[in-house]
Amino acid sequence: MSLLKPTPQVCSWTQALDNPRSLATYVAHGGYQALRRVITENISGDAIIAELKTSALRGRGGAGFPTGLKWSFMPRAFAGDKYIVCNSDEGEPGTFKDRDILRYNPHQLIEGMAIAGYVMGARVGYNYIHGEIFDCYRIFEAALREAREAGYLGDKLFGTDFCFQLHAHLGYGAYICGEETALLESIEGKKGQPRFKPPFPASFGLYGKPTTINNTETLASVPWIMQHGGQAFLELGKPNNGGAKLFSVSGHVNKPGNYEVPLGTPFSALLEMAGGVRNGHKLKAVIPGGSSAPVLPADTMMDCTMDFDSISKAGSMLGSGAVIVMDETVCMVRALERLSYFYFEESCGQCTPCREGTGWMYRVIHRIEHGQGRPEDIDLLNSVAGRIGGHTICALGDAAALPVQSFLKHFGHEFEHHIEHKCCMGGTEQ
Amino acid sequence: MANPDSNTLRLSQESLALIDAEVAKYPADRKQSAVMAALRIAQTEKGWLKPELVEYVAHYLEMPPIAAYEVATFYNMYDTQPVGRHKITLCTNLPCALMGANKIAEHLKQKLGIGFGETTEDGRYTLKEGECMGTCGDAPVCLHNNHAMHTHLTPEQVDELLDELK
């Protein structure tokens, strides 16, 4: 289970070791070798990007955008300041994988960010950490101190002219800061309100400078790819879906937790790893990629494999790999009511369709759940959701609309039952 | 504009040193980047962010007070109203709800005699409803005073926690 040989575990291998987060453990298993090699052998940025393209590494934060392509957008020859930013603002309900990288394998992330800095010619990086996981922020800061003292961060690394410094920035309770331009605004010390795109961060990012921003797991995968090659990473997964990935399994399973499995693993196998549906209950529905991903009924989900293409074909998104499992006791109206409240609460208020629409959706679902629904409410919800999606600056609007549309599509009968009978369907009281 | 030398507002040397360390993370002409950390540090020392304290922080970072207010009111872990000595923020989002967070919420409300967003009369506890804390695998979870997380909550565990918090 080390960096030295290809294993399905790209990011979680240190967890089997003593002192998983320590620099000594990481270095003893080949850590920082990839960084040393690319710097001292003066490997070109083009060659590293080509390796990432071969690997078919796709962004692990939700969008699944090819990482090699994203890196190629940076004006690497630009002589002024450039930045590497890591998005560890993990607030998508159901997602808790980056937390484990921060607390069990922080050095692999640091190494990945330093390699990114080398490729882009950036001298400074920031890791934006979700405000609610203060202990992980402290762990990451301690890892940064270790890396600086050992000469893996700082000036003239490995006796070359390459300098790279890295800092942690703690959020303080705003889901929207997981959106990359809101995150950049937040690092600048402002409200986290997303920017219009274009310009994209690669040309106008942090402090208006070219910036590459990637998810924690994405950046932490880079040292592995540089160590073992893009082809080896690709072969862990399947074409167009390279590598293994951390899946955060929560909800009604016997063993909730993170499971790192090759992309393309059948959902049924992942569910089994997580101990199966709790206490012998029956699977009802799964949200396969974090709360913003459309919900899928059990039968559809059981036919899926866990990769971007399979989940997309089934009508949802792999997203951040957050798998929320619901058994037959769940009232889908109540579940959607809670999710809708979340988007209402977390809308930054900048765009009218999202600010007003999330409130409308929450209030209408709330009244259905509380026995005051009207027959026309289902059409109203679909109408409001349809007027938010695609009409906002950032993806939060779509993220709020997709759950509503998918719950109504697959579980509309429960909403009708609530409206007609003013109560949950039998057996669904959760 | 608050007077930064006022004794009641002055932050301790320890807090100022922590803020200075945050300022050092950013380019010299970008002190405002440290405002989130500075407000967090100020809140940790003083309990909550009264307007004069937000202005003090803004003054310290050489930024307009309104810009610091915008930050203090946008991010939901800042308290711009007084809170009890112990703020319990319970996540009730879907993954936590599936694991019994609503029962924990009822238990907390009953035990403390307050609802979400309220503080006990003795000023000991404040109860808040939180959003996803990124720890859904250990649900249900809550935060104590923003920084200490408690996981796998049961009513018994909640009772023990409340007893510990004097």
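The values are calculated or read from the model by the stated rules, or taken from the named source; none is laboratory data. Bear in mind the structure is a predicted one, so any value in this text is a computation, not a measurement. Neighbour counts run over all protein chains shown; Cβ positions are idealised from the backbone, glycine included. What goes into the accessible areas is simple: the full protein's heavy atoms, side chains included, and nothing from ligands, DNA or RNA. Shrake-Rupley method; radii C 1.70, N 1.55, O 1.52, S 1.80 Å.
Judged by the gyration tensor of its Cα atoms, with axes a ≥ b ≥ c, the protein assembly as shown is oblate; a/c meets the 1.5 cut and b/c is at least as large as a/b. Among the listed pairs A:97/B:109; A:190/B:109; A:409/B:109; A:82/A:156, a Cα-Cα separation exceeding 29 Å is found for A:97/B:109; A:190/B:109; A:409/B:109. Anyone know which of A:287, A:139, A:84 comes out most mobile in the 10 Å Cα GNM of chain A? Judging by the Gaussian network model, the answer is A:139. Bridge orientation summary for the protein assembly as shown: considering DSSP beta bridges with both residues in this region, about 50 percent are antiparallel.
Give the longest segment of chain A that steers clear of GluC sites (Glu not before Pro) in DSSP loops with at most 12 neighbouring Cβ atoms within 10 Å, not counting the sites themselves. Kindly include the intermediate steps, with their values, before the conclusion.
On the way: sites that count: A:41, A:376, A:429.
Maximal segment without exposed cleavage sites: A:42-375.
Label positions at residue A:123 and residue A:299, each projected 7 Å from the Cα along the C-beta direction, are separated by 6.2 nm. Backbone amide hydrogens, once placed in the peptide plane, bring residue A:253 within less than 5 Å of A:278, excluding anything fewer than 5 places away on its chain. Here the calculated FRET efficiency for residue A:200 and residue A:345, from their Cβ-Cβ distance with R0 = 25 Å, stands at 0.35, rounded to the nearest 0.05.
Net charge near residue B:135: determine it from the other residues with C-beta under 9 Å of the C-beta of residue B:135, scoring Lys and Arg +1 and Asp and Glu -1. Show your work: numbers first, answer last.
On the way: positive: A:99; negative: A:132, B:138.
Charge balance in the 9 Å sphere: -1.
At a 1.4 Å probe, which residues in region A:216-264 are at least 20 Å² less accessible with all protein chains present than in their chain isolated? With the partner chains in place, region A:216-264 has these residues losing at least 20 Å²: A:250, A:251, A:252, A:256.
So what's the back-of-envelope 222 nm ellipticity for chain B, counting only DSSP H runs of four-plus at -39500 (n - 2.57) apiece and dividing by all residues, rounded to 500?
-12500 deg cm²/dmol
Taking A:187, A:43, A:368 as the candidate residues, the one with maximal mean-square fluctuation in a Gaussian network model of chain A, Cα springs under 10 Å, is A:43.
State to the nearest 20 debye the size of the charge dipole of chain A about its Cα centre, where the only charges are +1 on K and R beta carbons and -1 on D and E beta carbons. Intermediate values should be presented prior to the final figure.
On the way: 39 positive and 45 negative charges, 140 e Å.
For chain A, the charge dipole is close to 680 debye.
Partners of residue A:422 within straight-line reach, counting aspartates and glutamates whose Cα lies under 12 Å from its Cα and excluding those fewer than 8 residues away in the same chain: A:369, A:414. For region B:73-89, a drop of 30 Å² or more in accessible area on going from the chain alone to the assembled protein chains (1.4 Å probe) is found at B:74, B:75, B:76, B:77.
What quantity of accessible surface, computed with a 1.4 Å probe and excluding non-protein components, is buried in total between chains B and A, in Å² to the nearest 100?
Numbers: alone 9340 and 16880 Å², together 22290 Å².
In total, chains B and A hide about 3900 Å² from solvent.
The chymotrypsin sites (Phe, Trp or Tyr not before Pro) of region A:78-126 that meet both conditions, a loop assignment by DSSP and at most 16 other Cβ atoms within 10 Å of the site Cβ, are A:78. Using a cut-off of 23 Å between Cα atoms, the listed pairs B:103/B:128; A:255/A:284; B:31/B:128; A:70/A:245; A:70/A:209; A:282/B:111 include B:31/B:128; A:282/B:111 as exceeding that distance. Mind checking the angle between helix A:106-120 and chain A's longest principal axis? C-alpha axes, 0 to 90 degrees, to the nearest 10. The helix A:106-120 is inclined about 70 degrees to chain A. Quick check: Cα centre of region B:130-152 to Cα centre of region A:23-94, how many Å? Region B:130-152 and region A:23-94 have Cα centres spaced 30 Å from each other. Converting phi to 3J(HN,Hα) with the Karplus coefficients 6.51, -1.76 and 1.60 and the offset θ = phi - 60°, region B:19-31 yields 5, 4, 5, 6, 4, 5, 6, 10, x, 4, 8, 10, 4 Hz in sequence order, with x at every glycine or proline.
Less than 13 Å Cβ to Cβ from residue B:126, Lys/Arg counted +1 and Asp/Glu -1: what total charge do the surrounding residues give?
Values: positive: B:85, B:87, B:109, B:124, B:128; negative: B:79, B:118, B:121, B:122, B:129.
Summing Lys and Arg as +1 and Asp and Glu as -1 gives 0.
With all protein chains kept in place, the per residue accessible area of region A:33-165 amounts to 34 square angstrom at a probe of 1.4 angstrom.
How high is the relative contact order of chain A, in percent, counting Cα pairs under 8 Å that sit 6 or more residues apart?
Numbers: 932 pairs, mean separation 69.0, N = 430.
That works out to 16 percent.
Per residue, the solvent-accessible area of region B:13-74 (1.4 Å probe, heavy atoms of protein chains only, all protein chains present) comes to 44 Å².
Taking the three principal axes of the alpha carbon atoms in region B:13-74, the coordinate ranges are 28, 24, 17 Å, sorted in descending order.
Against chain B, whose longest principal axis is taken from its Cα atoms, helix B:51-60 shows a tilt of about 50°. Heavy-atom surface analysis with a 1.4 Å probe gives the protein assembly as shown a carbon and sulfur content of 51 percent of its accessible area. In the context of the full set of protein chains, region A:275-409 has a per residue accessible area of 36 Å² (1.4 Å probe).
Around residue A:119, with a cut-off of 12 angstrom between Cβ atoms, what is the net charge of the other residues, counting Lys and Arg +1 and Asp and Glu -1? So the surrounding residues net to +1. For chain A, with a Gaussian network of springs between Cα atoms less than 10 Å apart, report the residue from A:121, A:289, A:154 with the top mean-square fluctuation. Maximum among the listed residues: A:154. Shown is the FRET efficiency for residue A:155 and residue A:383, computed with R0 = 51 Å from the Cβ-Cβ distance and rounded to the nearest 0.05: 0.30. Of the beta bridges in region B:81-166, as assigned by DSSP with both residues counted there, near 55 percent are antiparallel.
Efficiency by 1/(1 + (r/R0)^6): what FRET value for residue A:44 and residue A:148, r their Cβ-Cβ distance, R0 = 30 Å, to the nearest 0.05? Before the final figure, lay out the partial values.
Working: r = 27 Å, r/R0 = 0.89.
Efficiency, rounded to the nearest 0.05: 0.65.
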